[in-house]
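Nothing in this text is a laboratory measurement; each read-out follows from the coordinates by a stated rule. None of the values given here were measured: they were computed from a predicted structure. For neighbour counting, all protein chains shown are included, and Cβ atoms are generated from backbone atoms with ideal geometry for every residue, glycine included.
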């Protein structure tokens with residue numbers, strides 16, 4: 001995990017730069033809080049989808065399903081895990097944007 005953790009600040013900075021190029025700084029603390037909340041909700045939704053796919057995988061494993069079905073479940077988990085990670089990078093970037101907005 002340390003190998004990827006050391007790269008995350010750079011990804012957060014990249015996301016922040018992209019967001020700042022597209023949108024102005026937050027007008028108010030209320031706006032900033034709302035944007036952070038939206039990103040957290042999106043990350044949570046992706047994590048819930050990953051768990052749902054995991055539950056399906058477990059049911060399929062117990063039922064001795066064919067590999068192609070298991071692989072579909074694992075692919076879904078992977079997709080939602082990547083999406084959740086990207087959303088959490090956006091959360092971190094929006095936290096930085098919040099601080100930039102109100103220095």
Scanning the stretch 59-97 residue by residue, those closer than 30 Å to residue 24 by Cα and free of Cβ contacts under 8 Å to residues at least 12 places away in the same chain turn out to be 82, 85, 86
Exactly one of 100, 56 is surrounded by fewer than 14 Cβ atoms within 10 Å (Cβ to Cβ) and either closer than 20 Å to residue 24 by Cα or touching a residue at least 12 places away in the same chain (Cβ under 8 Å) (or both), and that residue is 100
Of the residues that make up the stretch 83-92, is at least one surrounded by fewer than 17 Cβ atoms within 10 Å (Cβ to Cβ), within 24 Å of residue 9 (Cβ to Cβ) and under 21 Å from the mean Cα position of the chain (by Cα)?
yes
Restricting attention to the stretch 14-29, the residues that are part of a helix (DSSP H, G or I) and in contact with a helix residue (DSSP H, G or I) (Cβ under 8 Å, 6 or more places away or on another chain) number exactly 5
